[in-house]
Amino acid sequence: MIRQADLPPVAEMVDLTMRWGSKPVLDQVNLTIQPGERIVVVGPSGAGKSTILRVLAGLQLPTGGSLRLHGVPQTYLRLDQRHPPDVRLVFQNPALLGSLTVRENVGFLLYRHSRLPEGEIRQRVSQALEAVGLAGTDELFPGQLSGGMQKRVSFARALIDDPAKQDHEVPLLLFDEPTAGLDPVACTRIEDLIVRTTEMAQGSSVVVSHVMSTIERSGERLLLLYEGKFRWGGTVDAFHSSDNPYVVQFRTGSLRGPMQPAEL
């Protein structure tokens, strides 16, 4: 058994830049994600947070700098790779296929790419659903579930493990605004699921969120992004006490500070 402490970084961004035309959305960003680490990226709308996730997920290629996943340079989009790294993206919208059952949604990649027998896939799906509190929903369709239950199905899908992956590949879980629009109680359930899912998958996670409870409860390390650059990084406790002007403005919701709204 390889210990996480002995593994290389899950992801490394070095001077990574993403431009749309002449405008940099990410401007020479540097980020290292260690095995088992839980990171939350915060910042105002339009700061480039979702672009961080899309680059990590292999949905976009940077226009400058480099990205390594498990030590391997990423020079192709995910769909163009023969052996893509173990990266699992949980969308803000559950993104379930309405014509498939919960079992077929959760086990989609195993049905599509693995050679596992039907019985083992069903067992893995049932275990994942039980882990998110949805035991017995296997044969229901997404339209028969509430919005909160659908979101939990998307978490179960992120838990499904590929038995063919290498032992040294710590899965990277990406969560895009997972609690946006939810009531406080539902937020707490999802925040607990983020932590539990990351631990059960024995992975690392990156969460993008504006919700303060999610920021505080889901992450160990926080990064504040503004105008394509990380302006601050530290622990949750440090976030509460920091006098960094970007942190103070974000934490208090003040209109005064270095972060100004984009022109309409």
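The values are calculated or read from the model by the stated rules, or taken from the named source; none is laboratory data. Remember, it's a predicted structure, so these values are computed and weren't measured experimentally. Don't worry about glycine lacking a Cβ; one is built from the backbone with ideal geometry, like all the others, and counts go over all protein chains shown.
Could you list, in sequence order, all residues of region 47-67 that are at positive phi and in contact with a Lys or Arg (Cβ under 9 Å, 6 or more places away or on another chain)?
Quick first cut of region 47-67, residues at positive phi only: 48, 58, 65.
Once the filter is applied, which keeps residues that are at positive phi and in contact with a Lys or Arg (Cβ under 9 Å, 6 or more places away or on another chain), region 47-67 yields 48, 58.
Is it the case that residue 132 is aliphatic (A, V, I, L, M) and in contact with an Asp or Glu (Cβ under 6 Å, 6 or more places away or on another chain)?
On the way: aliphatic (A, V, I, L, M): yes; in contact with an Asp or Glu (Cβ under 6 Å, 6 or more places away or on another chain): no.
For residue 132, the condition - aliphatic (A, V, I, L, M) and in contact with an Asp or Glu (Cβ under 6 Å, 6 or more places away or on another chain) - is not met.
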Out of all the residues in region 114-134, which are outside any helix (DSSP H, G or I) and either small (Gly, Ala, Ser) or buried (at least 17 other Cβ atoms within 10 Å of the Cβ) (or both)? 114, 116, 132, 133, 134
Which ones in region 199-215 are in a helix (DSSP H, G or I), buried (at least 16 other Cβ atoms within 10 Å of the Cβ) and at pLDDT 90 or above? 214, 215
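Can you say whether residue 227 is at pLDDT below 95, surrounded by 15 or more Cβ atoms within 10 Å (Cβ to Cβ) and either acidic (Asp, Glu) or not assigned by TED's automatic domain parsing to the domain that holds residue 29 (or both), as far as the supplied structure shows?
So residue 227 fits the description; yes.
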Would you mention how many residues in region 96-113 are over 20 Å from the mean Cα position of the chain (by Cα) and surrounded by 15 or more Cβ atoms within 10 Å (Cβ to Cβ)? 7
Cβ pairs under 9 Å, 6+ apart, first in region 237-262 and more than 16 Å from residue 47 (Cβ to Cβ), second surrounded by 11 or more Cβ atoms within 10 Å (Cβ to Cβ) and of a type in the set (S, T, N, Q): 248/242; 248/254; 255/249; 256/249
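Looking at region 134-144, can you tell me whether even one residue there is in the same structural domain as residue 160 (by TED's automatic domain parsing), over 23 Å from residue 198 (Cβ atoms), among the hydrophobic types (A, V, I, L, M, F, W, C) and touching a residue at least 12 places away in the same chain (Cβ under 8 Å)?
First, pick out the residues of region 134-144 that are in the same structural domain as residue 160 (by TED's automatic domain parsing): 134-144.
Subsequent filtering for residues that are over 23 Å from residue 198 (Cβ atoms) retains 136, 138-144.
Remaining after also requiring among the hydrophobic types (A, V, I, L, M, F, W, C): 140-141.
From what is left, the residues that are touching a residue at least 12 places away in the same chain (Cβ under 8 Å) are 140-141.
Yes: region 134-144 contains one or more residues that are in the same structural domain as residue 160 (by TED's automatic domain parsing), over 23 Å from residue 198 (Cβ atoms), among the hydrophobic types (A, V, I, L, M, F, W, C) and touching a residue at least 12 places away in the same chain (Cβ under 8 Å).
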Pull up region 237-251, narrow it to residues that are small (Gly, Ala, Ser) and part of a helix (DSSP H, G or I), then point me to the one that is surrounded by the fewest Cβ atoms within 10 Å (Cβ to Cβ). 241
Could you check region 216-229 and list, in sequence order, the residues that are more than 13 Å from the chain's Cα centre (by Cα) and not in a strand (DSSP E or B)? 216, 217, 220, 227, 228
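Look at residue 189 and say whether it is at pLDDT 85 or above and touching a Phe, Trp or Tyr at 6+ places or on another chain (Cβ under 8 Å). It would help to see each step written out before you state the result.
Details: at pLDDT 85 or above: yes; touching a Phe, Trp or Tyr at 6+ places or on another chain (Cβ under 8 Å): no.
Criteria not met by residue 189.
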Pairing a residue in region 109-131 that is free of Cβ contacts under 8 Å to residues at least 60 places away in the same chain with any residue that is surrounded by 15 or more Cβ atoms within 10 Å (Cβ to Cβ) and of a type in the set (Phe, Trp, Tyr), where Cβ atoms lie under 9 Å and the two sit 6 or more apart in sequence or on different chains, gives 118/111; 121/111; 128/155
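Considering only residues that are over 17 Å from the mean Cα position of the chain (by Cα) and surrounded by 13 or more Cβ atoms within 10 Å (Cβ to Cβ), which ones fall in region 73-95? Before you say what the answer is, go through the steps one by one.
The initial filter retains those residues of region 73-95 that are over 17 Å from the mean Cα position of the chain (by Cα), namely 73-77, 79-83.
The answer is 74, 77, 81.
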